[in-house]
Amino acid sequence: MSTASIHAGWDAQDPHGSVVPPIYSTSAYAHSSHASLRALFARRSEGFAYSRSGNPTTQVLEARSTALEGGIGAIAVASGQAAMTIALCALLAPGTHVVASERIYGGTTELLGDTLEDMGVAATAVDPWDLQAWEAAIRPQTRVFLLESIANPGAQLADLPAIAAIAHAHDIAVVVDSTLASPALYRPGDHGADIVVHSATKYLAGHGTTIAGLIVDAGSFDPRRCPQRWERLTTENRRFATTFADDYARGCSGLLAYARAKYMTDFGATLPAASAHAVLVGIETLELRMERISAVTAQLAQHLHGQDGVASVQHPSIPGRPDAEIARRDFPRGTAGVFSIDLDGGEPAVEAFCDALELFTIAVNIGDVRSLVCHPASTTHSHLTPAQREACGVLEGTVRLSIGLEDEEDLRADLERALAAAQRVRAADPAAA
Ligand SMILES: Cc1ncc(COP(=O)(O)O)c(C=O)c1O
């Protein structure tokens with residue numbers, strides 16, 4: 001992991017000997033002949049024509065992500081949201097159906113319930129820990145199971161091998177958003193995922209500077225096993241005069257080739273080369289950051305558990321969590337830095353808590369080296385219905401914390417100062433407590 005984080009995808013064959021992958025800041029690529037560009041458009045050769053659909057810097061990031069996830073290919077796109085949108089568009093035709101965990105990022109819930117619904121794709125939300133619910137939600141039209149390996153914001157861990165076994169028995173593809181875990185802690189492909197999606201904005205870039213997304217083909221999805229279910233991949237595509245599923249015969253991802261040719265080109269959700277470079281630099285220290293962040297986060301979560309005014313702490317290390325066994329079995333390196341706490345006293349207590357924090361920054365991001373805090377009910381999950389919020393564990397008093405790389409004692413002191421401020425608000429209004 002640490003060697004691949006630094007070397008995969010880049011052999012330093014730059015004409016100037018650049019040690020770090022250079023930023024190729026160009027819109028288009030010169031070809032030595034008319035025939036060369038023509039062959040590229042006909043998919044008879046490989047290379048670059050125009051940076052909307054591919055760039056040499058971005059290609060290094062794609063190769064590195066493929067290596068880190070142990071997959072057969074990756075495409076880098078403009079954001080995590082673009083990655084999820086493009087992955088689902090490539091898999092889900094109008095009239096199809098997706099079964100999704102109800103414990104997912106609010107933006108993904110909105111994508112399923114609004115934009116994809118407009119496009120004729122139906123979705124059913126299920127409790128990720130209820131295996132019978134996954135099975136019961138399957139329809140003849142179901143093409144995708146969608147879940148997060150570590151859920152945002154309550155850090156619930158999925159029993160991916162069990163969920164994937166149900167999906168694969170019905171020729172359903174398993175898409176896993178592994179943003180919170182990152183490949184340093186968990187490789188979904190090793191546990192049954194077919195497609196892995198990342199918001200590289202978070203731990204991969206790691207420093208709060210960049211918006212980026214990745215789709216990785218883990219190598220287990222093969223539409224040729226059930227050609228009529230994946231007709232858009234297994235029959236000749238009129239626009240591109242090719243059958244994308246044939247790419248699997250060469251060990252390449254036909255799904256990602258289709259996604260790049262069609263959706264990256266049509267949606268134009270291109271990752272700038274400078275952003276790809278920022279993610280590559282971030283990945284170089286990913287493993288070290290995740291190890292330290294996971295350890296400090298577990299300590300802080302346990303410290304907050306049982307404190308006055310903290311109704312509950314949502315972290316796999318808290319006694320009684322149903323995913324404790326999954327943590328032990330599948331997450332030996334830890335479960336990253338995002339978790340949530342439920343404060344007594346509702347939003348007034350949350351407001352006092354957040355405003356009293358001095359080290360934590362109030363911001364709707366996670367996975368930064370800086371510790372961050374937000375109130376999901378009024379921000380990231382505010383467009384959801386109250387029932388949807390409750391299903392994903394977002395209550396009025398829920399606070400999401402994303403632990404960074406500051407000193408653990410300093411963070412602990414900051415959290416205690418904030419809890420005391422929330423306590424003062426409750427004392428002033430005993431009805432709220
Ligand atoms: C788990 C998860 N997936 C996807 C996204 C969307 O990623 P981006 O903000 O890079 O578009 C986020 C954003 O917070 C997220 O937390």
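The values are calculated or read from the model by the stated rules, or taken from the named source; none is laboratory data. Since this is a predicted model, take the numbers as computed values, not measurements. As a convention, Cβ positions derive from the backbone with ideal geometry for all residues, glycine included, and neighbour counts pool all protein chains shown. The area values use the complete protein model at the heavy-atom level, side chains included, leaving out ligands, DNA and RNA. Shrake-Rupley method; radii C 1.70, N 1.55, O 1.52, S 1.80 Å.
Out of (1) charged (D, E, K, R); (2) within 16 Å of the ligand (Cβ to nearest atom); (3) open to solvent by 60 Å² or more (accessible area, probe 1.4 Å), what's the single condition that is false for ARG400?
The failed condition is (3).
Which of the following residues is at pLDDT 95 or above, open to solvent by 10 Å² or more (accessible area, probe 1.4 Å) and within 28 Å of ALA82 (Cβ to Cβ): ALA245, ALA249, ALA278? Even if it seems obvious, please write down each step before you answer.
Working: ALA245 fails: open to solvent by 10 Å² or more (accessible area, probe 1.4 Å); ALA249 fails: within 28 Å of ALA82 (Cβ to Cβ).
On inspection, the qualifying residue turns out to be ALA278.
Quick one: would you say MET290 is under 27 Å from PHE48 (Cβ atoms), aliphatic (A, V, I, L, M), open to solvent by less than 10 Å² (accessible area, probe 1.4 Å) and assigned to a helix (DSSP H, G or I)?
no
Go through (1) farther than 25 Å from ARG292 by Cβ; (2) open to solvent by 20 Å² or more (accessible area, probe 1.4 Å); (3) in a helix (DSSP H, G or I); (4) touching a residue at least 40 places away in the same chain (Cβ under 8 Å) and name the single condition ARG412 misses.
With respect to (1) farther than 25 Å from ARG292 by Cβ; (2) open to solvent by 20 Å² or more (accessible area, probe 1.4 Å); (3) in a helix (DSSP H, G or I); (4) touching a residue at least 40 places away in the same chain (Cβ under 8 Å), ARG412 is out only on (1).
Filter region 161-179 for residues that are open to solvent by 10 Å² or more (accessible area, probe 1.4 Å) and among the hydrophobic types (A, V, I, L, M, F, W, C) and give the result.
Passing the criteria: ALA162, ALA165, ILE166, ALA169.
Enumerate the strands (runs of 3 or more DSSP E) found wholly within region 160-270, keeping only those where 1 or more residues are within 16 Å of the ligand (Cβ to nearest atom), farther than 23 Å from LEU146 by Cα and in contact with an Asp or Glu (Cβ under 6 Å, 6 or more places away or on another chain).
none
Answer yes if at least one residue in region 53-73 is open to solvent by 30 Å² or more (accessible area, probe 1.4 Å), farther than 24 Å from ALA261 by Cβ and modelled with pLDDT of 95 or more, and no otherwise.
Here is the first cut: in region 53-73, the residues open to solvent by 30 Å² or more (accessible area, probe 1.4 Å) are 53, 59, 63, 67, 70, 72.
Among the residues that remain, those that are also farther than 24 Å from ALA261 by Cβ are: 70.
Cutting the leftovers down to modelled with pLDDT of 95 or more gives us 70.
Among the residues of region 53-73, at least one is open to solvent by 30 Å² or more (accessible area, probe 1.4 Å), farther than 24 Å from ALA261 by Cβ and modelled with pLDDT of 95 or more, which makes the answer yes.
Within region 343-372, can you find the residues that are part of a helix (DSSP H, G or I), at negative phi and either free of Cβ contacts under 8 Å to residues at least 40 places away in the same chain or surrounded by fewer than 24 Cβ atoms within 10 Å (Cβ to Cβ) (or both)?
GLU347, PRO348, GLU351, ALA352, CYS354, ASP355, ALA356
Just wondering, is there one or more residues in region 206-218 that are among the charged types (D, E, K, R) and open to solvent by 40 Å² or more (accessible area, probe 1.4 Å)?
Filtering region 206-218 down to residues among the charged types (D, E, K, R) leaves 217.
Adding the requirement that they be open to solvent by 40 Å² or more (accessible area, probe 1.4 Å) leaves none.
Among the residues of region 206-218, not one is among the charged types (D, E, K, R) and open to solvent by 40 Å² or more (accessible area, probe 1.4 Å), which makes the answer no.
What is the residue count in region 1-44 for residues that are touching a residue at least 24 places away in the same chain (Cβ under 8 Å), of a type in the set (S, T, N, Q) and not in a loop (DSSP other than H, G, I, E, B)?
Total satisfying the criteria: 2.
Kindly provide the set of residues from region 31-52 that are surrounded by 17 or more Cβ atoms within 10 Å (Cβ to Cβ) and under 21 Å from ALA274 (Cβ atoms), ordered by number.
PHE48, SER51
Here is a yes/no grid of residues against (1) touching a Phe, Trp or Tyr at 6+ places or on another chain (Cβ under 8 Å); (2) modelled with pLDDT of 95 or more; (3) of a type in the set (A, V, I, L, M, F, W, C):
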position	(1), (2), (3)
PRO332	no, yes, no
ILE341	no, yes, yes
GLU347	no, no, no
THR361	no, yes, no
VAL369	no, yes, yes
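Only one of these conditions is not met by GLY334: (1) buried (at least 19 other Cβ atoms within 10 Å of the Cβ); (2) assigned by TED's automatic domain parsing to the domain that holds VAL369; (3) more than 21 Å from THR398 (Cβ to Cβ); (4) more than 19 Å from the chain's Cα centre (by Cα). Which number is it?
(4)
Which of the strands (runs of 3 or more DSSP E) found entirely inside region 95-159 contain at least 1 residues meeting this: farther than 26 Å from SER382 by Cβ and under 14 Å from the mean Cα position of the chain (by Cα)? Even if it seems obvious, please write down each step before you answer.
Details: elements: 97-101, 122-126, 142-148.
Filter on region 95-159 gives an empty set.
Which one of THR270, THR297 is among the β-branched types (Val, Ile, Thr), within 25 Å of ALA39 (Cβ to Cβ) and surrounded by 20 or more Cβ atoms within 10 Å (Cβ to Cβ)?
None of the other options fit; the residue is THR270.
Of the residues GLY70, GLY95, GLY47, which single one is away from the ligand (no atom under 16 Å from the Cβ), touching a residue at least 12 places away in the same chain (Cβ under 8 Å), at positive phi and in contact with an Asp or Glu (Cβ under 7 Å, 6 or more places away or on another chain)?
The match here is GLY70.
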